[in-house]
1. Kindly flag which residue pairs out of A:K314/B:K114; A:K156/B:K34; A:K314/B:K99; A:K156/A:K314; A:K133/B:K99 have an alpha-carbon separation exceeding 25 Å in this structure.
2. With Cβ to Cβ distances under 11 Å as the rule, what net charge do the other residues near A:T64 carry (K, R +1; D, E -1)?
3. With unit charges on the beta carbon (Lys/Arg positive, Asp/Glu negative), name the residue among A:L327, A:A243, A:M229 whose Cα is farthest towards the positive pole of the charge dipole of the range A:225-338.
4. Can you give the angle from 0 to 90° between the axis of helix A:142-157 and the longest principal axis of chain A, with both taken from C-alpha atoms, to the nearest 10?
5. Multiply the residue separation of A:H58 and A:R234 by 0.36 nm, subtract the distance between their alpha-carbon atoms, and state the gained length in nm to one decimal.
6. Run down the lysines and flag those whose C-alpha is under 25 Å from the C-alpha of A:K92, throwing out any fewer than 8 positions away in its chain.
7. Given an 8 Å cut-off on Cα distances and at least 6 residues of separation, report the relative contact order of the range B:47-138 as a percent.
8. Compute the Cα gyration tensor for the range A:194-258, then decide on rounded, prolate or oblate, letting a ≥ b ≥ c be the square roots of its eigenvalues: rounded whenever a/c is under 1.5, prolate when a/b is larger than b/c in the other cases, and oblate in all that remain.
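All of the numbers you see were taken from the coordinates with simple rules; none came from a lab. Just so it is clear, the model here is predicted, and its values are computed rather than measured. Note that we place each Cβ from the backbone using ideal geometry, even for glycine, and neighbour counts take in every protein chain shown.
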Amino acid sequence: MRKVGVVGIGHTVFGNLRDYELIDILAYASLDAMRDAGIDGGIDQVIVGNMASGMFNHQIGIETALVSNLNLEPAMAEAVGNGPASGGSAFKVGYMAIASGLVDVVLVVGGEQMRAVTGWEATDIVASLEHPKVEYPYGLTLPAFSGMFARAYMEKYGLTERQLFILAVKNHNNAAKNPFAHIQLPVTLEAISDTPDSIIINPYIAEPMRMYHLCPVSDGAAAAILCAMDIADRFKKKPVRVAGVGSATDTYCPHNRADLLDLKAVRLAAERAYKMAGIGPKDISFAELHDPFAILELCEAEAVGLFEKGKAMKAMERGETQVDGRLPINASGGLKAKGHPVGATGMSQIHELVKQLRGEAEEGRQVKNPKYGLAVNFGGFGSNVAATILAKE
Amino acid sequence: MLELEKLYLPDKNVYAHQCPECGRLHYPSVGRCKKCGYRYYPEQDVAPRWEKKGYKFWKRVPLGGSCRLLTYTRIWALPVGFDQAYLDFGVVEFANGVKAIGRLAVDKPQIGMKLDARIGKTKEYLGQEHYGLFFYAK
């Protein structure tokens, strides 16, 4: 297989972009990546990661619309859908297209415009990820799964709601320094947890998960230009190497898992990426983990081997996952505070990995001397997961 | 009357599907058994080329009765079609090993508590009714 690198990255702000068309949002991120790579064309293949444009925007065939918008015809174009992991999967497909020798240069862009509909409708559309007979008609939402997962974890390991807010505070502080983040305001433990009024500003959404344990509903897009490493010198920036990609599936319905707390697909996707990269968890310098619900940052960190099972929270309380800690996690602010436009998230994680490995992150957000960055993009409720490892050349 | 009921009224029961080869129960139904790989016999009107001869048919086993609570939540942000202030959910395990998710109707839930699963109306929206599992204290 040919070696593959990332030579350009682009990102829109995450937030409320409902005054724009979805295609515009995808185009802005794409053009930003092309600018970063120093190219104006020459793209063989366009891959769009998107979860549900047909439902949010009543528009399908967005890959064709995007190519036309960007004047990239006759480039090949396909869309990749894998729920909230659509971006990570799209990146993997882009990698495969080059590694196989089919093409040389690929534009991968992930995006979503969720605020085109009301909050009720957005909750309903995201819930359509669930089984149409045994889950969806009950009124279950994705946060409901996080509530049940967190409850079981708390029961087993003695975790508290307050401890999870420590992660929220960390991620809000990181997002406050990230110009692309949806919420750029730091929060304090006192405000969201420790005062009697905290229940008013931070109510329960899916018990024991409260509002500040959950991500906002966001619009946005992120993109990358991938190329074969043997032609990387044609581009403006030095490539960041794709060291490993992996993905894995688990039961469609989470209740069917032998151990409700075992994120098997996360573990296997990461193991496959580690194997391909020829490294292990101890080699990872920093990670971007998929945390639409704070409990997932904790449990994914354990599932990918960064911490022992049941021990991640203590390490996080000690500050080990802060930007200046031993193993920074979600220096971007994570989905929790940066935002989670579902189809965009995986590519936004890639954007952050590249930015950190290049040493281009904003002041106060730059990880020290990173060598390998890991991204975990979580589809469904852990039923289809993509993991990516990028390396500094 | 019974025939009319069969034709026009929704089947309110919730079923697990039992593999005819190894006996493993599945909920929801699957195309191949998770234990032995035996195939689900496809419906003749959608897959007419499948040869019926030699196939063993899967059995539907109604779910209900005694079960144990594995985890639970109360949600306050509901999707379209639900006008309640909140909904309670639980994951349970039945004595036959089947796990299921459903509505929880218990005042003070505790992980591990014994429950009784019954069928109830989960949703009525745009003229369509849906029935599913409700879990009550024993």
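1. Values: A:K314/B:K114 33 Å; A:K156/B:K34 28 Å; A:K314/B:K99 32 Å; A:K156/A:K314 15 Å; A:K133/B:K99 15 Å.
Going by Cα-Cα distance, A:K314/B:K114; A:K156/B:K34; A:K314/B:K99 fall outside the 25 Å limit.
2. Values: positive: none; negative: A:E63, A:E73, A:E78.
Computed value for this residue: -3.
3. About the Cα centre, the residue reaching furthest to the positive side is A:M229.
4. 60 degrees
5. Fully extending the segment from A:H58 to A:R234 adds 59.5 nm.
6. Within the straight-line cut-off, A:K92 pairs with A:K3, A:K236, A:K237, A:K238, A:K264, A:K275, A:K282, A:K336, A:K338, A:K355, A:K371, A:K392.
7. Values: 159 pairs, mean separation 25.2, N = 92.
Dividing the mean separation by the residue count of the range B:47-138 yields 27 percent.
8. In terms of gyration-tensor shape, oblate.
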